[in-house]
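See below for the structure under consideration.
The values are calculated or read from the model by the stated rules, or taken from the named source; none is laboratory data. Not measured: the values here are computed from a predicted model. Counting neighbours? That spans all protein chains shown, and the Cβs are built from the backbone with ideal geometry, glycine included.
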């Protein structure tokens with residue numbers, strides 16, 4: 001059984017005659033007739049009724065025809081994929097995203113990439129603190145969306161696209177704040193639990209950012225868990241501003257104001273790639289689209 005035989009089956013079934021199929025496939029009528037007979041012999045089934053003026057599928061023929069359509073469709077997709085890859089398009093690209101980044105801001109770019117390059121898989125890896133930057137340095141990601149410090153930004157290693165400025169806000173639940181009605185210093189919270197997201201990078205393992213010496217901590221590996229614990233009154237900590245807009249408006253979360261601890265930290269998010277690594281055509285198109293998103297804001 002060959003794809004050519006399945007194409008003959010499809011055309012004869014849909015057009016009803018060898019003559020019409022011959023014109024469509026640019027093959028002689030005897031060649032198509034022979035191809036159909038060989039297919040029937042290989043399957044051990046009669047696929048067409050040949051008594052009438054038009055060739056029509058038998059009951060078995062209709063079932064084989066439906067299956068043939070699926071096989072031809074798969075073969076067409078395989079050919080498209082092969083052509084796509086042979087022109088240098090990537091089978092997949094990986095984007096490392098710092099978990100505090102608001103993913104909704106680049107959904108139009110992701111949708112465009114999905115629509116224009118359906119054969120390229122997009123892998124989104126959520127990272128924490130230094131994890132996204134490390135993914136770029138180690139070659140585990142093509143592009144990172146994260147906040148980086150000025151020293152790293154000016155190192156000359158990276159090409160960057162500005163994205164937007166966000167904030168990590170220091171918050172707690174009303175239940176928590178009731179326990180500290182006159183809070184002025186972070187020292188007063190040492191015996192409370194600060195909820196901390198662990199760094200997914202390796203270079204800063206063992207380092208606690210914005211945690212005072214002797215502070216009780218609970219460690220989590222995502223902001224959703226952190227938010228749940230904070231809202232329950234079990235602890236306090238910083239959350240991305242876009243995650244808590246409604247809660248602050250509804251007073252189910254409140255900002256913690258202390259003289260010796262910042263109420264919020266500004267994060268300047270950048271799209272980052274290594275200057276030394278050339279992006280493939282799909283990743284490069286996505287990279288340029290990220291730049292346009294920033295310029296349009």
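Return yes or no: is residue 114 under 23 Å from residue 261 (Cα atoms) and in contact with a strand residue (DSSP E or B) (Cβ under 8 Å, 6 or more places away or on another chain)?
Values: under 23 Å from residue 261 (Cα atoms): no; in contact with a strand residue (DSSP E or B) (Cβ under 8 Å, 6 or more places away or on another chain): yes.
No; evaluated as a whole, the condition is false for this residue.
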Number of the exception - residue 53 against (1) touching a residue at least 40 places away in the same chain (Cβ under 8 Å); (2) not in a helix (DSSP H, G or I): (1)
If you take the residues in the stretch 262-297 that are buried (at least 17 other Cβ atoms within 10 Å of the Cβ) and closer than 26 Å to residue 219 by Cβ, which one is farthest from the chain's Cα centre (by Cα)? 267
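Against the definition (in contact (Cβ under 8 Å) with a residue 12 or more places away in the chain, outside the structural domain of residue 284 (by TED's automatic domain parsing) and assigned to a helix (DSSP H, G or I)), how does residue 82 come out, yes or no? Write out each step before concluding.
Working: in contact (Cβ under 8 Å) with a residue 12 or more places away in the chain: no; outside the structural domain of residue 284 (by TED's automatic domain parsing): yes; assigned to a helix (DSSP H, G or I): yes.
It is false that residue 82 is in contact (Cβ under 8 Å) with a residue 12 or more places away in the chain, outside the structural domain of residue 284 (by TED's automatic domain parsing) and assigned to a helix (DSSP H, G or I).
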Among (1) surrounded by fewer than 18 Cβ atoms within 10 Å (Cβ to Cβ); (2) without any contact (Cβ under 8 Å) to a residue 12 or more places away in the chain, there is one condition residue 40 misses while meeting the rest; what is its number? (1)
Could you list all residues from the stretch 264-279 that are assigned to a loop (DSSP other than H, G, I, E, B) and touching a residue at least 24 places away in the same chain (Cβ under 8 Å)? 275, 276, 277, 279
Any hit, the stretch 239-247, residues being modelled with pLDDT under 90 and in a helix (DSSP H, G or I): no
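Just checking: which of the strands (runs of 3 or more DSSP E) contained wholly in the stretch 129-236 hold 2 or more residues that are crowded, with 18+ Cβ neighbours inside 10 Å and free of Cβ contacts under 8 Å to residues at least 60 places away in the same chain?
The strands (runs of 3 or more DSSP E) meeting that bar are 193-197.
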Odd one out for residue 153, checked against (1) touching a helix residue (DSSP H, G or I) at 6+ places or on another chain (Cβ under 7 Å); (2) under 17 Å from residue 267 (Cβ atoms): (1)
